[in-house]
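Data first, discussion second: the structure below is written as structure tokens.
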Amino acid sequence: MSNAGNDTGRREMTGAEMVVQALKDNGVEHIFGYPGGAVLPIYDELFQQEDVQHILVRHEQGAGHAAEGYARSTGKAGVMLVTSGPGATNAVTPLQDALMDSIPLVCISGQVPTSLIGSDAFQECDTIGITRPCTKHNWLVRDVNELSQVLHQAFHVATTGRPGPVVVDIPKDVQFAKGMYTPPQQAPRTSYAPKMQGDMEAIRQAVALMASAKRPILYTGGGVINSGTEASHLLRELVQLTDFPITSTLMGLGSYPASGKNWLGMLGMHGTYEANMAMHDCDVMVCIGARFDDRITGRLDAFSPHSKKIHIDIDPSSLNKNVQVDIPILGDIGMVLEDMVRLWRATTKTDKNVLKPWWELIDRWRSRDSLAYTKNDDVIMPQYAIERLYELTKTRDTYITTEVGQHQMWAAQHYGFEKPNRWMTSGGLGTMGYGLPAALGVQIAHPDALVIDIAGDASVQMTMQEMSAAVQYNAPIKIFILNNQYMGMVRQWQQLLHGNRLSSSYTEAMPDFVLMAQAFGAHGIRCEKPGDLDAAIQEMIDVKKPVLFDCRVANLANCFPMIPSGKAHNEMLLPDEATDEVVANAIDAAGRQLV
Amino acid sequence: MNAQLQPTGSAYFIASETETSERHTLSVLVDNEPGVLARVIGLFSGRGYNIDSLTVSETEHQKHLSRITIATRGTPHVLLQIKHQLERLVPVHRVNDLTVISRSQGQEAPLERELALVKVAGAGNDRVEALRLAEAFKAKVSDATTEHFVFEITGKSSKIDQFIAIMQPLGLVEVCRTGVAAMNRGPQGM
């Protein structure tokens, strides 16, 4: 065999060279990582080229969330590179996060040399064993000649079907060894072939059922966004054709514009009254790329009791998992929607009068104004802060990430998303500390965009160290902290369920975020009065540096509306009804017996 | 304080299970690669599914395919979830619920066989009786001294259960069972 390159791209090279070559061949421009003993050969190769830029984070968890933010905002795979042992174990949280939210994430980890595997060597851990349940698939590569194909397969598995995280674990001796590199081929393994095209007969039945609906609703999720921007276009077309009302899960925000006239707002535990009531009272439900998660359904045996249900999903295990549906359609959202739109055009003439009574009912629910809150001239209400942030950024191409908690729900409720891939949040796993590194990843992918992490004071301290990485790479991310000195969502649940005994949910020693920003070499802003807020937000936008914005908000505000546990969609707790007494008694004995 | 009166409360909604459990046998065709069995077993333990019996062996050497046979227990809804979750694993080619298929063919159950080695030690009447019963069960003597027999018995799991129970008072020393091997009746393959 010759060492020179030939037509097929087969070449002899070291394992470490193969890693970099495979990244290039799979279209990777940025990776997020942290060096260590077991990946030094790969770092040495990265040093000697310029096609793939490496972003040095401060903790491997940050690398993972940054790669997730990168992936969600671009639709491409995010890539992280970590060393063996602690590098790999620190990657576990983002891997599980990506698994639950179906984010394509490729994690390359170093491993101790093959001869030392199993000997409890320095920085050894069973990476494959540890990451098996939190990845879509993982590989330990013991033979350098298999490395290139495994890497290509890893990208294929991560990005196709229901996307997800994968790990390729590469022992250090394999990185040094020489072998034959083969470029990506169109021959994926036979055991893995996601079904993309929906069953036409099922789609025909679904369209007929939709055409007969008097009280329909579209319930969409992250699957629409994962399917690509074309799926969002088709969704908008379907809404226009059918005039159906549409709601979305936390993960699906942006696939249909918040300014659209058919938009009901988010549904679920902290969704709007109109969205949840419409879900409960509908006669035909079309679930598109969502999974009937427990935050969405409320009490399962009272979930939308009078509806026929259609469910489109690319993952067969999501169909009929939590809720039995009448017409399951297995396939890619974009492809199924394309068929649906075409079939609807060909067969159905929309009579908008049929839906008129339904829309009148929805408008009555809308007039309940379930996201209302009491304004205050002295203290910044957290909802007001999000509203002002939205008003001052909506004309720009803005990307929003969040941490997890009350601020996340307020952001979902009060920030209007017009496009897909603009909203990055940890939905399934609920990972506090996701938002700051995710914002870094988004900013690296979109250097000129405005990227804001709507954060809470508790969450943001979990991955604060990545401010240092943001400063290093001139990534002007804006960390907008709704600082109420509490773990607000924990406190809210303690008020609801534990007699207002606020066990460990108050942060008695809060750092000075402005000084902290200065210490990082970033810009710090503090705002305490509603009257100063607009100017302060404008300053945050204008500064060409990473910003920590300490927005002091009402300490004891709670997140409403809310479906208390054990209750159904039509038993929401609305903000104007949520007196202290109602809050304390919202969950009955049956609701409390749950885990 | 009474835990019922002072419950912990929750962010989760849980519906009580009303369907009844059934025992099904699944055949899983997988790529024979390192860790594939760990993936399957991890899926069962991670998602709280039951395993009554599990056997695995390479069945097509050229194609590097192994066949895993799992006897499991669950409601029809859970059993369907198990099938779909298994199908999601990247090295899994096919999953057949043999019980469902056999029912659709009008049969009660798929063809299921198990092999067991049963060691019995003793003397006198017990020894004669053990040998006589083994013949009745069509068990083979695979090893013997004047003090013991190792019987090799093949059949349905229930037959083996019965044989072991009968040997218990006759000097049963140890038992090793292979777990269930199964396939559907009729000319069709998996």
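Among the residues that make up segment B:103-110, is at least one of them among the aliphatic types (A, V, I, L, M), part of a helix (DSSP H, G or I) and under 27 Å from the mean Cα position of the chain (by Cα)?
No.
Name the helices (runs of 4 or more DSSP H) wholly inside segment A:8-97 in which the number of residues that are surrounded by fewer than 18 Cβ atoms within 10 Å (Cβ to Cβ) is 3 or more.
A:40-47
Can you find a residue in segment B:96-111 that is buried (at least 20 other Cβ atoms within 10 Å of the Cβ), within 12 Å of another protein chain (Cβ to nearest Cβ) and within 22 Å of B:Arg185 (Cα to Cα)?
No - not one qualifying residue is present in segment B:96-111.
Answer yes or no as to whether A:Ala98 is under 21 Å from A:Gly129 (Cα atoms), modelled with pLDDT of 95 or more and either in contact with a helix residue (DSSP H, G or I) (Cβ under 7 Å, 6 or more places away or on another chain) or not hydrophobic (A, V, I, L, M, F, W, C) (or both).
Answer is yes for this residue.
Within segment A:582-591, is there a residue that is within 30 Å of A:Ala469 (Cβ to Cβ) and either at pLDDT 90 or above or within 14 Å of chain B (Cβ to nearest Cβ) (or both)?
There is no residue in segment A:582-591 that is within 30 Å of A:Ala469 (Cβ to Cβ) and either at pLDDT 90 or above or within 14 Å of chain B (Cβ to nearest Cβ) (or both).
Could you please let me know if A:Lys308 is more than 19 Å from A:Glu338 (Cα to Cα) and touching a strand residue (DSSP E or B) at 6+ places or on another chain (Cβ under 8 Å)?
Answer is yes for this residue.
Could you list all residues from segment A:138-155 that are buried (at least 21 other Cβ atoms within 10 Å of the Cβ) and facing chain B (nearest Cβ under 10 Å)?
A:Asn138, A:Trp139, A:Leu140, A:Gln153
From the list A:Ile310, A:Ile329, which residue is within 22 Å of A:Leu264 (Cα to Cα), modelled with pLDDT of 95 or more and surrounded by 17 or more Cβ atoms within 10 Å (Cβ to Cβ)?
A:Ile310
Does B:Glu114 meet the test of being more than 9 Å from every other protein chain (Cβ to nearest Cβ) and at pLDDT below 95?
No.
Return the residues of segment B:135-159 that are hydroxyl-bearing (Ser, Thr, Tyr) and under 30 Å from B:Glu108 (Cα atoms); say none if nothing qualifies.
Within segment B:135-159, B:Thr154, B:Ser157, B:Ser158 meet the criteria.
Determine, yes or no, whether A:Asp301 is free of Cβ contacts under 8 Å to residues at least 24 places away in the same chain and either within 13 Å of chain B (Cβ to nearest Cβ) or under 17 Å from A:Ile217 (Cβ atoms) (or both).
Yes.
Taking the criterion of being in contact with a Gly (Cβ under 8 Å, 6 or more places away or on another chain), under 20 Å from A:Ser318 (Cβ atoms) and within 14 Å of another protein chain (Cβ to nearest Cβ), would at least one residue in segment B:86-95 satisfy it?
No.
What single numbered condition from (1) surrounded by fewer than 18 Cβ atoms within 10 Å (Cβ to Cβ); (2) under 22 Å from A:Tyr34 (Cβ atoms) fails to hold for A:Gly499?
A:Gly499 satisfies every listed condition except (2).
Looking only at segment A:422-447, count every residue that is touching a Phe, Trp or Tyr at 6+ places or on another chain (Cβ under 8 Å) and part of a loop (DSSP other than H, G, I, E, B) and tell me the total.
4
Out of B:Ile101, B:Ile70, B:Ile41, B:Ile82, report the one residue that is more than 30 Å from A:Pro163 (Cα to Cα) and at pLDDT 95 or above.
The conditions single out B:Ile101.
If A:Pro546 passes every condition in (1) crowded, with 19+ Cβ neighbours inside 10 Å; (2) more than 23 Å from A:Met432 (Cβ to Cβ); (3) assigned by TED's automatic domain parsing to the domain that holds A:Glu387 but one, which one does it miss?
That leaves (2) as the condition not met.
Please name all residue pairs, on different chains or six or more residues apart, with Cβ atoms under 9 Å, provided the first residue is in segment A:553-564 and is under 15 Å from A:Leu497 (Cβ atoms) and the second residue is among the acidic types (Asp, Glu).
That search, which allows pairs on different chains as well, returns A:Ile563/A:Glu571; A:Pro564/A:Glu571; A:Pro564/A:Asp588.
Let me confirm something: among A:Asp283, A:Asp313, A:Asp293, which residue is in contact with a Pro (Cβ under 9 Å, 6 or more places away or on another chain) and within 14 Å of chain B (Cβ to nearest Cβ)?
A:Asp313 is the lone residue from the list that is in contact with a Pro (Cβ under 9 Å, 6 or more places away or on another chain) and within 14 Å of chain B (Cβ to nearest Cβ).
Hey, A:Asn555 hits all of (1) closer than 30 Å to A:Glu577 by Cα; (2) buried (at least 17 other Cβ atoms within 10 Å of the Cβ) but one; which does it fall short on?
(2)
Yes or no, residue by residue, for (1) among the basic types (Lys, Arg); (2) surrounded by fewer than 15 Cβ atoms within 10 Å (Cβ to Cβ); (3) more than 30 Å from B:Ile101 (Cα to Cα):
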{"site": "B:Asn125", "(1), (2), (3)": "no, yes, yes"}
{"site": "B:Phe137", "(1), (2), (3)": "no, no, no"}
{"site": "B:Val141", "(1), (2), (3)": "no, yes, yes"}
{"site": "B:Ser157", "(1), (2), (3)": "no, no, no"}
{"site": "B:Gln162", "(1), (2), (3)": "no, yes, no"}
{"site": "B:Val180", "(1), (2), (3)": "no, no, no"}
{"site": "B:Gln188", "(1), (2), (3)": "no, yes, no"}
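For segment A:191-307, please list each of the strands (runs of 3 or more DSSP E) lying entirely inside it that holds at least 2 residues being hydrophobic (A, V, I, L, M, F, W, C), more than 30 Å from A:Asn558 (Cβ to Cβ) and not assigned by TED's automatic domain parsing to the domain that holds A:Lys419.
A:284-288
Look through segment A:316-330, keep the residues that are under 18 Å from A:Ile217 (Cβ atoms) and hydrophobic (A, V, I, L, M, F, W, C), and return whichever of them is nearest to the other protein chains (Cβ to nearest Cβ).
Across segment A:316-330, the extreme among qualifying residues is A:Val323.
Just a yes or no: is a residue in segment A:364-383 part of a helix (DSSP H, G or I), at pLDDT 95 or above, closer than 20 Å to A:Trp263 by Cβ and out of contact with any helix residue (DSSP H, G or I) (no Cβ under 7 Å at 6 or more places or on another chain)?
Yes, segment A:364-383 contains a residue that is part of a helix (DSSP H, G or I), at pLDDT 95 or above, closer than 20 Å to A:Trp263 by Cβ and out of contact with any helix residue (DSSP H, G or I) (no Cβ under 7 Å at 6 or more places or on another chain).
Can you tell me which residues in segment B:112-123 are over 28 Å from B:Val180 (Cβ atoms) and surrounded by 13 or more Cβ atoms within 10 Å (Cβ to Cβ)?
Answer for segment B:112-123, where residues must be over 28 Å from B:Val180 (Cβ atoms) and surrounded by 13 or more Cβ atoms within 10 Å (Cβ to Cβ): just B:Gly122.
Can you pull out the residues in segment A:483-496 that are touching a Lys or Arg at 6+ places or on another chain (Cβ under 9 Å) and surrounded by 21 or more Cβ atoms within 10 Å (Cβ to Cβ)?
Residues satisfying the conditions are A:Asn483, A:Asn484.
In segment B:21-78, which strands (runs of 3 or more DSSP E) lie fully inside it and hold 2 or more residues that are free of Cβ contacts under 8 Å to residues at least 60 places away in the same chain?
Where strands (runs of 3 or more DSSP E) fall fully within segment B:21-78 and carry at least 2 residues being free of Cβ contacts under 8 Å to residues at least 60 places away in the same chain, they are B:53-60, B:65-74.
Return the only residue of B:Thr145, B:Thr59 being modelled with pLDDT of 95 or more and more than 11 Å from chain A (Cβ to nearest Cβ).
Among B:Thr145, B:Thr59, only B:Thr145 is modelled with pLDDT of 95 or more and more than 11 Å from chain A (Cβ to nearest Cβ).
Looking only at segment A:160-168, decide whether some residue is within 14 Å of chain B (Cβ to nearest Cβ) and part of a helix (DSSP H, G or I).
no
Between A:Thr135, A:Thr114, A:Thr127, A:Thr93, which is of a type in the set (Val, Ile, Thr), within 19 Å of A:Tyr34 (Cα to Cα) and within 14 Å of chain B (Cβ to nearest Cβ)?
None of the others qualify; the one that does is A:Thr127.
The values are calculated or read from the model by the stated rules, or taken from the named source; none is laboratory data. Model, not experiment: these values are computed from the prediction. Glycine gets a Cβ as well: all are built from the backbone with ideal geometry, and neighbour counts include every protein chain shown.
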